[in-house]
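Everything on this sheet refers to the single structure shown next.
The values are calculated or read from the model by the stated rules, or taken from the named source; none is laboratory data. Quantities reported herein were computed from a predicted structural model and do not represent experimental measurements. Glycine also receives a Cβ, built like all others from the backbone with ideal geometry; neighbour counts cover every protein chain displayed.
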Amino acid sequence: MWRRAASLSPLLSPSKSSLLHQGLCRLTFWGAFTTDIMHPAKGGIASKEKLPFITFVLGGPGSGKGTQCAKIVETFGYIHLSAGDLLRKEIASNSENGAMILDTIKEGKIVPSGITVKLIQKEIESSDNYKFLIDGFPRCEENRIAFEQIIGMEPNNVLFFDCPEDEMVKRVLSRNEGRVDDNIDTIKKRLKVFSALNLPVIKHYTEKGKVYKVNAVGSADEVFEQVRPIFTEFWMD
Ligand code: ADP
Ligand code: C5P
Ligand code: MG
């Protein structure tokens, strides 16, 4: 079942609802570290003063993930980690994997999970913040499992921007950022990869009750009005 902002504690008054939700989120947050896979390696993330509070941000190419993440950062003070941006930085810095990453992105395929997870891990470990939006990740079950094994935790929740394909194609083709993959041939491949590999990840987290589904159609401000109550309800201090 999808979780929606409107269904968060709908029967309680705002003050009681918010207190109860804070309590529930605290339980969920600490409870998350009692399951079998929750054994972060010593040092790194495990040594941080506060364990990270992680939201995966998913949706097809052009569904508006990056646009909404910028608004969440501005309003709620999260750190935005875009997996795609981290990979493009690797290409730009001429790292040893740069050429392979570029070829993979041009083909709309998925970069080996170990590379992407380590880039994300480095960012989490070096940040003073503890609230992270991880955008465009996990793209496939292999990404998801690698994250859970290397980082040693699951996301606290998942935001899914649901957008029709024709709208995504229109947005990507007018993005105008000079990206090597924003052309119609690569977009078609990326949409296929999204349906085949990313939807199963969304299904997995839906079954765990972690997914908040947002209708991505409408102006960016209209979409954010669906996102805002979700983040208002998350536990933060
Ligand atoms: P993603 O990160 O999911 O690939 P982006 O946030 O980069 O998507 O958005 C893709 C393009 O669509 C960008 O040019 C962006 O300005 C535009 N865009 C984002 N959200 C909306 C929206 N709600 N309506 C119309 N255009 C949008
Ligand atoms: O999310 P974004 O659209 O920026 O991703 C661009 C490309 O980066 C993807 O199509 C894919 O080739 C690569 N990528 C990846 N693994 C991820 C995220 C992005 O291989 N987890
Ligand atoms: Mg993006």
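Filter region 140-180 down to the residues that are charged (D, E, K, R) and in a loop (DSSP other than H, G, I, E, B), then identify the one that is surrounded by the most Cβ atoms within 10 Å (Cβ to Cβ). First the steps, then the outcome.
Initial filter on region 140-180 (charged (D, E, K, R)): 141-142, 144, 148, 154, 162, 165-167, 170-171, 175, 177, 179.
Still in the list and also in a loop (DSSP other than H, G, I, E, B): 154, 175, 177, 179.
Working: GLU154: 20, ARG175: 12, GLU177: 8, ARG179: 14.
So, considering only residues that are charged (D, E, K, R) and in a loop (DSSP other than H, G, I, E, B), the one surrounded by the most Cβ atoms within 10 Å (Cβ to Cβ) is GLU154.
With the requirement that a residue be part of a helix (DSSP H, G or I), at pLDDT 85 or above and away from ligand 3 (no atom under 15 Å from the Cβ), what does region 34-82 give you?
Those that are part of a helix (DSSP H, G or I), at pLDDT 85 or above and away from ligand 3 (no atom under 15 Å from the Cβ): GLU74, THR75, PHE76.
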Candidate set: region 83-109, residues that are in a loop (DSSP other than H, G, I, E, B) and touching a residue at least 12 places away in the same chain (Cβ under 8 Å); chosen: the one farthest from ligand 3 (Cβ to nearest atom) = ASN97
State whether one or more residues within region 189-207 are in a helix (DSSP H, G or I), over 20 Å from the mean Cα position of the chain (by Cα) and surrounded by 13 or more Cβ atoms within 10 Å (Cβ to Cβ).
-> yes
